[in-house]
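The values are calculated or read from the model by the stated rules, or taken from the named source; none is laboratory data. Remember, predicted model here, so these are calculated numbers, not experimental data. Because the Cβ atoms are built from the backbone with ideal geometry, glycine has one as well, and the counts that use them run over all protein chains shown. Side chains included, ligands, DNA and RNA excluded: accessible areas come from the protein's heavy atoms. Shrake-Rupley method; radii C 1.70, N 1.55, O 1.52, S 1.80 Å.
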Amino acid sequence: MVRRVAVLGAGVSGLAATKWCLEEGLEPICFEQSEDIGGLWRYTDQAEEGRASIYRTVFTNSCKEMMCYSDFPFPDDHPNYMHNARVQHYICKYAEHFDLRRHIQFKTMVTKVKKRPDFSVTGQWEVVTQRDGKEETAVFDAVMVCSGHHVYPNLPLADFPGIQKFKGCYFHSREYKEPEKFRGKKVLVVGLGNSGCDIAVELSTVASQVYLSSRSGSWVMSRVWDNGYPWDMLVITRFRTWLGNILPRALSDWLYVRGMNRFFKHENFGLMPLNRTSRKEPVFNDDLPSRIACGVVVMKPNVKEFRETSILFQDGTVQDDVDAVVFATGYSYSYPFMEDDSIIKSRDNQVTLYKGILPPQLEKPTMAVIGLVQSLGPIIPTVDLQCRWAVKVFQEKKKLKKGENLKQPLFFPSSLPRRYGSSTTLQTDYIAYLDELASAIGVKPNVLKLLLTDPRLALEVIFGPCSPYQFRLMGPGKWNGARKAILTQWDRTLQ
């Protein structure tokens with residue numbers, strides 16, 4: 001029976017893991033190598049080794065009603081999309097409210113996680129930590145890996161011939177903090193993800209010219225949607241998900257492309273994805289189309305070759321006198337503390353996890369990897385539910401059928417990889433994934449029952465935003481404030 005649980009990292013995933021362990025009567029010890037909680041959301045002026053790094057002006061892409069912990073709404077007066085400092089303040093308040101800090105060991109680095117010799121019987125792990133130069137070893141019944149995947153930069157310089165002779169400066173977006181030192185310069189940003197677009201737009205306010213290079217294009221969405229409401233409160237609904245699943249694929253794809261082009265035609269702006277119907281995560285940027293229209297950001301195809309002061313692109317155009325290059329080329333998975341790296345990683349550096357959580361080849365399901373699933377939806381409610389599910393598995397309250405975790409390493413239906421395109425992340429549909437986990441532990445809202453007993457709430461659950469409070473309406477972990485939170489979520493949005 002699991003009692004002691006090691007939680008690796010005190011970001012949004014680690015705090016959720018610590019809280020749910022406590023709720024279920026387990027004894028978590030959370031190890032955090034920095035001096036404070038927050039993980040990705042804790043801004044520092046310099047990128048720190050071994051932890052995520054953000055630039056000064058990062059704002060959320062999900063609105064406050066959709067991205068909160070399921071029993072801890074953001075304050076009413078907070079804006080719908082928040083600066084990283086506000087999110088960090090909220091995370092600190094969450095930890096304070098549920099008294100989580102006393103279970104965290106700060107400035108403690110986990111250097112090794114390995115199976116005990118009797119793992120096949122006990123499922124126990126040996127965790128080696130380092131603090132103030134001293135090394136300690138402890139035995140845990142389970143491990144929750146909450147270290148995130150925005151730590152180790154992916155800088156594929158081998159894909160860019162001639163980069164060694166380029167005389168300007170170049171660096172990964174992880175090192176970028178603010179634009180001032182690029183004033184009056186010509187800058188190339190490589191990568192059309194959220195970071196690349198944010199940095200290109202911000203640099204365009206001071207640089208003489210910004211070029212944004214993309215290999216495969218991307219859909220660009222605005223945070224502000226119909227009638228000025230947050231995009232996710234209108235788009236991420238049970239009704240829309242159900243509609244998308246029952247419509248013929250061709251019609252669903254046509255509606256998807258039409259919806260993405262509703263504010264501007266991506267083709268005209270050089271942004272059209274190569275795979276038009278791919279459902280991989282779009283970019284959220286309200287300013288990029290206007291920056292392109294104003295000419296301060298110029299779209300470019302993939303880089304073919306770097307020269308001393310110029311860059312040749314795939315379409316044959318050459319850009320002279322480029323001063324700096326920012327590689328917004330994403331991150332790699334790395335688990336340097338795992339003695340056996342293949343437990344989490346599989347072939348071709350891909351991650352294969354049952355339900356997106358459990359390493360499938362373990363004899364005992366006593367390790368959970370939290371926060372690797374990506375979808376068109378916020379991360380906090382996702383990791384919150386992942387932790388609830390994992391803790392139930394640890395306690396054997398949610399029994400895995402014999403061999404279940406071996407036969408189905410990925411729960412995702414076979415249609416999903418085709419729909420979401422090739423990606424190293426575990427891409428899935430947000431509502432379908434949360435419902436899958438919620439059903440397994442008995443907390444998925446029963447819509448038919450609600451229609452009979454509480455029709456007003458039922459209609460909001462079906463047609464309104466799929467906010468995290470929905471998974472606290474019934475079953476184990478029910479929260480008495482969930483109904484009120486759902487019925488007042490639009491009021492808080494307007495406020």
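Structural remarks
- Residues of the range 283-320 satisfying the condition of being open to solvent by less than 30 Å² (accessible area, probe 1.4 Å), touching a Pro at 6+ places or on another chain (Cβ under 9 Å) and farther than 14 Å from VAL189 by Cβ: PHE306
- All conditions but one from (1) more than 17 Å from PHE327 (Cα to Cα); (2) touching a Leu at 6+ places or on another chain (Cβ under 6 Å) apply to ARG131; the one that does not is (2).
- Boolean, ILE236 is touching a residue at least 24 places away in the same chain (Cβ under 8 Å), within 22 Å of CYS466 (Cβ to Cβ), surrounded by 15 or more Cβ atoms within 10 Å (Cβ to Cβ) and touching a Pro at 6+ places or on another chain (Cβ under 7 Å): yes
- Across the range 200-213, the number of residues qualifying as in a helix (DSSP H, G or I) and surrounded by 22 or more Cβ atoms within 10 Å (Cβ to Cβ) comes to 3.
- So ARG279, is it open to solvent by 20 Å² or more (accessible area, probe 1.4 Å), of a type in the set (D, E, K, R), farther than 30 Å from LYS181 by Cα and not in a loop (DSSP other than H, G, I, E, B): no
- Odd one out for ALA485, checked against (1) under 21 Å from ILE379 (Cα atoms); (2) free of Cβ contacts under 8 Å to residues at least 60 places away in the same chain; (3) open to solvent by less than 10 Å² (accessible area, probe 1.4 Å): (2)
- Yes/no for ASP454 being modelled with pLDDT under 95 and either closer than 25 Å to ARG249 by Cβ or open to solvent by 20 Å² or more (accessible area, probe 1.4 Å) (or both): no
- For the range 124-151, filtering for residues that are out of contact with any Asp or Glu (no Cβ under 7 Å at 6 or more places or on another chain) and either buried (at least 19 other Cβ atoms within 10 Å of the Cβ) or in contact (Cβ under 8 Å) with a residue 60 or more places away in the chain (or both) leaves 15.
- Just so you know, in the range 21-47 the residues that are assigned to a helix (DSSP H, G or I) and under 20 Å from the mean Cα position of the chain (by Cα) include one that is farthest from HIS149 (Cα to Cα), and it is TRP41.
- Note on the range 174-199: residues that are part of a loop (DSSP other than H, G, I, E, B), under 14 Å from VAL297 (Cα atoms) and of a type in the set (D, E, K, R) total 1.
Residues checked against (1) touching a residue at least 12 places away in the same chain (Cβ under 8 Å); (2) within 25 Å of GLU65 (Cα to Cα):
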residue	(1), (2)
GLY184	yes, no
LEU188	yes, no
CYS197	yes, yes
SER208	yes, no
VAL220	yes, yes
TRP225	no, yes
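- Against the list (1) free of Cβ contacts under 8 Å to residues at least 24 places away in the same chain; (2) over 30 Å from VAL373 (Cβ atoms); (3) out of contact with any strand residue (DSSP E or B) (no Cβ under 6 Å at 6 or more places or on another chain), the condition GLU308 fails is (1).
- Filter pass, SER216 being open to solvent by 20 Å² or more (accessible area, probe 1.4 Å), under 29 Å from LEU372 (Cβ atoms) and touching a Gly at 6+ places or on another chain (Cβ under 6 Å): no
- The set of residues in the range 340-360 that are farther than 30 Å from ARG215 by Cβ, part of a loop (DSSP other than H, G, I, E, B) and at pLDDT 85 or above comprises LYS355, ILE357, PRO359, PRO360.
- Within the range 335-352, considering residues that are in contact (Cβ under 8 Å) with a residue 60 or more places away in the chain and open to solvent by less than 40 Å² (accessible area, probe 1.4 Å), the one nearest to TYR152 (Cα to Cα): TYR335
- Matching entry among ARG51, ARG56 (being open to solvent by 40 Å² or more (accessible area, probe 1.4 Å), over 19 Å from PHE98 (Cβ atoms) and of a type in the set (Lys, Arg)): ARG56
- Going through (1) surrounded by 19 or more Cβ atoms within 10 Å (Cβ to Cβ); (2) free of Cβ contacts under 8 Å to residues at least 60 places away in the same chain; (3) in contact with a helix residue (DSSP H, G or I) (Cβ under 7 Å, 6 or more places away or on another chain); (4) not small (Gly, Ala, Ser) one by one, PRO73 falls short only on (2).
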